[in-house]
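The values are calculated or read from the model by the stated rules, or taken from the named source; none is laboratory data. All figures in this text were calculated on a predicted structure; none of them were measured in a lab. When we count neighbours, we look across all protein chains shown, and the Cβ atoms used for this are built from the backbone with ideal geometry, even at glycine. Heavy atoms of the whole protein, side chains included, go into the accessibility calculation; ligands, DNA and RNA do not. Shrake-Rupley method; radii C 1.70, N 1.55, O 1.52, S 1.80 Å.
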Amino acid sequence: MGVHVIEERPYEVLPTHGEPAWIHDFGLSLEGVSSIPLEELREAFQEAFRRVWCGQAENDDFNRLVTGALLGWREVALLRAYARYMKQAGSTFSQTYLQQTLSAYPELARQLVELFRLRFDPDAGAHAPAHADALVERIEASLDEVANLDEDRILRQFLALIEATLRTNYFQVDEAGRAKSWISFKLDPTRVPGLPEPHPAYEIFVYSPRMEGVHLRGGSVARGGLRWS
């Protein structure tokens, strides 16, 4: 998550009834996020840490976007899911390089998440499509300033995947009002740069910390089950 532990102070708790317990108090140092007020970062950091601790989010360098871009843990999971799809699609870039690139451009990472929200959030409002078009123009203008060719390709691939997405379950909740534990996208393969041919009609990619996979669809209706999963 982009922090360094600089001190630890353990405290033993001796309850009147019950077994002893320990509290470990860690002092942390954050690098490169001095512009983010601590009170704004606190809730996002604690929630992301809790989700990783409970196994609901992966423990990797994508979580640097919590401290570097002030994204929530599930927004980070969204970008991680797209990165995993890139791997399925045959990307030559490592997941580590994808993580480093997004962390190096926190404002672009935030804009990519906002574009996704404008395109698919049912509560985004009637003007969301126009706002999304304007945001794409701003993102593309920012990409023109990226000097490193590989980083430019990576960031444009994230943008292309969001634009190639047709549907998602990201904003769905269960009966208790909680976000679902997996993220799925329905994509138009013809709009995914570099995807090997022949292209299926659709690809449905599913990601969670427990599993991931892509289902290839030859037509609008699935006949006979998941024949090309």
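Computed over protein heavy atoms with a 1.4 angstrom probe, the accessible surface ordering of Met1, Met86, Met211, largest first, is Met211, Met1, Met86.
Under a Gaussian network description of the chain, with springs only between Cα atoms under 10 Å, the residue in Asn169, Asn148, Asn59 that fluctuates furthest is Asn148. Here Phe26 sits with roughly 100 square angstrom of accessible surface, probe radius 1.4 Å. The angle between the Cα long axis of helix 95-104 and the main principal axis of the chain comes to about 80°, on a 0 to 90 degree scale.
So what is the relative contact order of the chain, in percent, for Cα pairs below 8 Å that sit 6 or more residues apart? Mind dumping the intermediate values first?
Working: 290 pairs, mean separation 28.6, N = 229.
Relative CO of the chain lands at 12 percent.
Electrostatic bookkeeping for Leu28 treats Lys and Arg as +1 and Asp and Glu as -1; over the other residues with beta carbon under 12 Å from its beta carbon, the sum is -3.
The gain in end-to-end length when the Cys54 to Thr92 segment is fully stretched comes to 10.5 nm, 0.36 nm per residue minus the alpha carbon separation. Taking all protein chains as they are arranged and a probe of 1.4 Å, the heavy atoms of Thr190 leave approximately 100 Å² accessible to solvent. Farthest toward the positive end of the dipole of region 1-97, out of Leu30, Val13, Ala44, is the Cα of Ala44, where the dipole comes from beta carbon charges about the Cα centre.
Among 122-131, 156-165, sorting by the average number of other beta carbon atoms lying within 10 angstrom of each residue, highest first, gives 156-165, 122-131.
Accessible area per residue of the chain at 1.4 Å probe, in Å²?
Details: 13600 Å² over 229 residues.
Counting only protein heavy atoms, the per-residue value for the chain is 59 Å².
Annotation: extensible slack from Leu38 through Glu8 equals 8.8 nm (criterion: 0.36 nm per residue apart, minus Cα-Cα distance).
Result for the chain in a Gaussian network model with C-alpha springs under 10 Å: among Arg110, Arg42, Arg80, the largest mean-square fluctuation is at Arg42. Take Trp73: with every protein chain present and a 1.4 Å probe, its accessible area is about 50 Å². With all protein chains present, how much of the accessible area of the chain (probe radius 1.4 Å) comes from carbon and sulfur, to the nearest whole percent? With neighbouring chains kept in place, the figure for the chain is 50 percent.
How large is the dipole of region 74-116 about the Cα centre if only Lys and Arg carry +1 and Asp and Glu carry -1, each at its Cβ, rounded to the nearest 20 debye? The partial results should precede the final answer.
Values: 5 positive and 3 negative charges, 42 e Å.
Dipole magnitude for region 74-116 comes out near 200 debye.
Between helix 38-53 and the chain there is an angle of about 80 degrees, using the helix long axis and the longest principal axis of the Cα atoms. Going by alpha carbons, how many degrees (0 to 90, nearest 10) lie between the helix axis of 73-88 and the longest principal axis of the chain? So the helix axis and the longest Cα principal axis differ by about 50 degrees.
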